Amino acid sequence: MSLIAQASRTVPQLLLHLNRHLVTSCPSSAFATSSEPPDVGQLTTPAQLLGPESQRRCMEKMRSLPEFPRPKALTPSRREKQTSAVLIALCQERGTNEVSLLYTRRSRHMRSHSFQISFPGGRRDKHDSSYVDCALRETEEEIGLPRDRIQVWGEAKQLQLPRTSAIVPVVGVVPDFSLSELRLNWEEVEEAFSVPLNSLMLPKATRHTQFRSGYSGPVFVVDHYRIWGITGYLTHLFLHCLLPPSLLPDCLKTNIKFIRPFKLPPRMPHHREHSSSDPSMRT
């Protein structure tokens, strides 16, 4: 069972620190403006995008994420003693060779965060020999994708998040992929779908969500799918790590800034409450 959605409301404070790290780690030339987003398929081949050099660059960045201090306002939770792993799968689509990311939508039968979008994955148990083993096991249990179909690139640095289990992203490649080969566990997964990298890089797809805490987080909207919360930020993070600066579109170079938290307006009385105290409203 995926745990990404459980952290959506508890970690917006960390998004600013993560994004600052990504921005400062890119050379200044990476921020040149362009009128049109680059096309991954035109500027590089799948063999280059999924090749050894791309793997080295991507995993080097994902293993060097900074440590994050605990917000003073948050008290420790029992969930933080648990660990989990998720699979970020680069799928090379059958017939087109287009490279996409694989997502799932949580089942309607889940007690919490039903229908939310996440990466395959879940809690690590005592039988898992590693986080890679955990991510592959959970992926096979959730969507029926055998572990021998996944060419593992490696583990990213563990993300220590308040009020939820620590998350270790595992990156892998699925060659000759087709959604028809998946066998979903309907108790955990409502649907599985893939989103082309080019679609995630379009300006119309990249948005932000404003949290009440005052921080904003990246959101990707492709067709009727809304990828947000920790899943949205992991997508944002991964694209920064995977793509060379020449392929990173302007819409993904925006900094996530602190915005003063808004105050909710005072609660207005219900019309029934108002009528009971106003003699003119009595019948």
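Here are the numbers:
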| read-out | value |
| --- | --- |
| Matching residues, region 46-75, being part of a loop (DSSP other than H, G, I, E, B) and either polar (S, T, N, Q) or modelled with pLDDT of 90 or more (or both) | LEU50, GLY51, ARG63, SER64, THR75 |
| Any hit, region 108-129, residues being of a type in the set (A, V, I, L, M, F, W, C), modelled with pLDDT of 95 or more and touching a Phe, Trp or Tyr at 6+ places or on another chain (Cβ under 7 Å) | yes |
| Considering residues of region 183-200 that are more than 11 Å from CYS91 (Cβ to Cβ) and not acidic (Asp, Glu) only, the residue nearest to the chain's Cα centre (by Cα) | LEU200 |
| Strands (runs of 3 or more DSSP E) (entirely within region 195-283) containing at least 1 residues that are at pLDDT below 90, open to solvent by less than 80 Å² (accessible area, probe 1.4 Å) and closer than 30 Å to ASN97 by Cα | 206-210, 216-222 |
| Residue match in region 81-99 (condition: at positive phi and either at pLDDT below 85 or aliphatic (A, V, I, L, M) (or both)) | no |
| Condition check for GLY217: in contact (Cβ under 8 Å) with a residue 12 or more places away in the chain and closer than 20 Å to MET62 by Cα | yes |
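Yes or no, residue by residue, for (1) outside any strand (DSSP E or B); (2) open to solvent by 30 Å² or more (accessible area, probe 1.4 Å); (3) of a type in the set (A, V, I, L, M, F, W, C); (4) in contact (Cβ under 8 Å) with a residue 24 or more places away in the chain:
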{"residue": "LYS126", "(1), (2), (3), (4)": "yes, yes, no, no"}
{"residue": "SER129", "(1), (2), (3), (4)": "yes, yes, no, no"}
{"residue": "CYS134", "(1), (2), (3), (4)": "yes, no, yes, yes"}
{"residue": "THR139", "(1), (2), (3), (4)": "yes, no, no, yes"}
{"residue": "ASP148", "(1), (2), (3), (4)": "yes, yes, no, no"}
{"residue": "VAL152", "(1), (2), (3), (4)": "no, yes, yes, no"}
{"residue": "PRO169", "(1), (2), (3), (4)": "no, no, no, yes"}
{"residue": "GLY172", "(1), (2), (3), (4)": "no, no, no, yes"}
{"residue": "TRP186", "(1), (2), (3), (4)": "yes, yes, yes, yes"}
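The values are calculated or read from the model by the stated rules, or taken from the named source; none is laboratory data. As the structure is a prediction and not an experimental result, all values here were calculated from the model. Because the Cβ atoms are built from the backbone with ideal geometry, glycine has one as well, and the counts that use them run over all protein chains shown. All accessible areas refer to the heavy atoms of the entire protein, side chains included, with ligands and DNA or RNA removed. Shrake-Rupley method; radii C 1.70, N 1.55, O 1.52, S 1.80 Å.
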